[in-house]
1. For region 9-28, name all the residues that are farther than 24 Å from Leu59 by Cβ and either surrounded by 15 or more Cβ atoms within 10 Å (Cβ to Cβ) or among the aromatic types (Phe, Trp, Tyr) (or both).
2. Identify, please: which residue in region 49-65 is part of a helix (DSSP H, G or I) and surrounded by 14 or more Cβ atoms within 10 Å (Cβ to Cβ) and is, among those, modelled with the highest pLDDT?
Amino acid sequence: MENIGVKELRDGLSGILKKVENGVVIRIMRHGKAVAELKPLMTNRKQLLLNNLKENDMLGGGSGCIGLLKSVKNRLPDGPVSDMIAEDRR
């Protein structure tokens with residue numbers, strides 16, 4: 001994800017839209033606070049999943065293409081593993 005200011009957005013809109021078309025998520029900042037995000041419109045479910053994993057910092061490797069996805073980071077469980085197994089069996 002890339003952060004840019006409003007002035008940079010206004011001055012370079014065409015180039016920024018090309019980045020968004022190529023899959024880059026751009027966060028618009030005003031006075032140091034995030035006010036909006038520009039994301040590509042996706043219809044590919046695999047790419048949507050990959051983008052969601054990226055946004056939640058869950059990718060362990062790869063180059064941004066779903067075919068080269070190496071691993072997904074493990075999240076620490078909130079409770080005992082036995083509870084997770086019991087939940088999975090339901």
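The values are calculated or read from the model by the stated rules, or taken from the named source; none is laboratory data. Because the structure is predicted, anything quoted here is derived from the model rather than measured. Virtual Cβ from ideal backbone geometry, glycine too; neighbours counted across all protein chains shown.
1. Applying the first criterion (farther than 24 Å from Leu59 by Cβ) to region 9-28 yields 9-15, 17.
Passing the criteria: only Leu9.
2. Among those residues, the one meeting the criterion is Leu53.
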